[in-house]
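For reference, the structure is listed below as structure tokens.
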Amino acid sequence: MTSTPLLPDLTAQAIAAAHSRTSACPCGATVTLAERPDATVVRHADTVAKAHAPDMDATDLASRMAAATRLPEILLPPLTPIPVDLHDRPVSFWPYGTPVDPEDPDAAPWEAAATLLARLHRTPAPVPLPPMRGPAKAALALFRLRATTDGTLATPVLRAWDTLPAWARDEAPQPDATTLCHGDLHLGQLVRHPAPAGPWRLIDVDDLGVGVPAWDLARPAAWFACGLLPPDEWHRFLTAYRAAGGPAVPADGDPWPALDVPARALTVQTAARAITKATAEGRRPDEIEQALIDACDRMGSVPPELVREEAK
């Protein structure tokens, strides 16, 4: 079988895009930022080229890129408004921004992330958008888990998945069809632009759409609930989101009735991915992965908060 030369051709596209932006490109080596089945990302100078997943709908992606273009104070805008085709993959071009430093957890921009999310959630979608893809990605993680293993390790994860309402399993419309959501919020989705010290902006519009805004708070909420995120960092994030008028949780009081289902879904999704990865690598789950599996085991015996199943 002949492999598709995606990476070298994407690199050539990134170089061409960078050179079209300036006559004095500093050039240097082109860096591969990610190379996964669902995304290949390269950087040349101040230009980033991303080949999206093969099943990414180019029309939906163009709508998401249009939204980013309209909201440059929240989302990093693309360099061009329409993706191009490369080896049957949609490709988009972006300015480079400085990412969060994973080696400096004390400097994690929780307040900036929360404030940007709140602003996003309060902003009407500037163009028609498809549903936010969070539940669809969770369902895909469970599909891959079932296809990868039939062992007992997956049992608590599958049991916890079955307790979730249909919308969280992508089996029914989300109960919010209007709120603008990121769909895959974590600290890797923030960059400073202009680099190196500009304001923080959200990146990666692959899952952008309308849906349940609490999904965007679910990953840090899940990690906090599993004991993997320190309480002070969770409270910094939640306090900043509330201070910025974020609508996903009440302005005060207990946030968990709103967060419970999305946080459970993200826990299940992350545990499913962990088992799939560990199985592929022929090893047992590590300590963090096991903590997520254990959380699913506890979740299976405690029903989630009641939420409306029907769409608005």
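The values are calculated or read from the model by the stated rules, or taken from the named source; none is laboratory data. The shown structure was predicted, so the numbers you read here are calculated from the model rather than taken from an experiment. Here the Cβ is made from the backbone with ideal geometry for all residues, glycine too, and neighbour counts use every protein chain on show. The protein model used for the area step is the full one, side chains on, heavy atoms only, and it has no ligands, DNA or RNA in it. Shrake-Rupley method; radii C 1.70, N 1.55, O 1.52, S 1.80 Å.
Computed with a 1.4 Å probe over protein heavy atoms only, the accessible surface of the chain comes to 46 Å² per residue. The residue among Ala197, Leu217, Ile15 whose Cα reaches farthest toward the positive pole of the charge dipole of the chain, with charges on the beta-carbon of Lys, Arg, Asp and Glu, is Ile15.
In this Cβ point-charge picture (+1 for Lys and Arg, -1 for Asp and Glu), the stretch 105-300 has a dipole of about 320 debye about its Cα centre.
The value of relative contact order for the chain, using C-alpha pairs under 8 Å at least six residues apart, is 19 percent. The stretch 155-194 and the stretch 37-62 have Cα centres separated by 21 Å. Comparing mean-square fluctuations of Thr123, Thr22, Thr276 from a GNM of the chain with C-alpha springs under 10 Å, the top value falls on Thr22.
Comparing mean-square fluctuations of Leu202, Leu228, Leu142 from a GNM of the chain with C-alpha springs under 10 Å, the top value falls on Leu228. Considering only Pro126, Tyr241, Leu185, and ranking their Cα positions along the charge dipole of the chain that arises from unit charges at the beta-carbon of Lys, Arg, Asp and Glu, the one farthest toward the positive end is Pro126. Note that the stretch 99-186 carries a Kirkwood radius of 15.8 Å, evaluated over its alpha carbons pair by pair.
What nm value, rounded to one decimal, do you get for the distance between Ala243 and Asp104 when each label is placed 7 Å out toward the C-beta? The two pseudo-label positions are separated by 2.0 nm.
Rank Pro124, Pro37, Pro109 by mean-square fluctuation in a GNM of the chain with C-alpha springs under 10 angstrom and give only the top-ranked residue. The residue that fluctuates most here is Pro37.
Where the accessible area of the chain is counted over protein heavy atoms with a 1.4 Å probe, how much of it, in %, is carbon and sulfur?
57 percent
Applying D = kT/(6 pi eta Rh) to the stretch 47-95, where Rh is the Kirkwood radius over alpha-carbon pairs, T corresponds to 4 °C and eta to 1.567 mPa s, the Stokes-Einstein value obtained is 120 µm²/s. In the stretch 1-106, the ratio of gyration radius to Kirkwood radius, Rg to Rh, stands at 0.98 when only Cα atoms are counted. The peptide list 154-161, 72-79, 257-264, put in order of mean Cβ contacts within 10 Å with the highest first, becomes 257-264, 154-161, 72-79.
Each stretch of four or more DSSP H residues adds -39500 (n - 2.57); spread over every residue of the chain, this sum gives -13000 deg cm²/dmol at 222 nm.
Extents of the stretch 105-300, largest first, come to 46, 38, 35 Å (Cα atoms, principal axes, whole angstrom).
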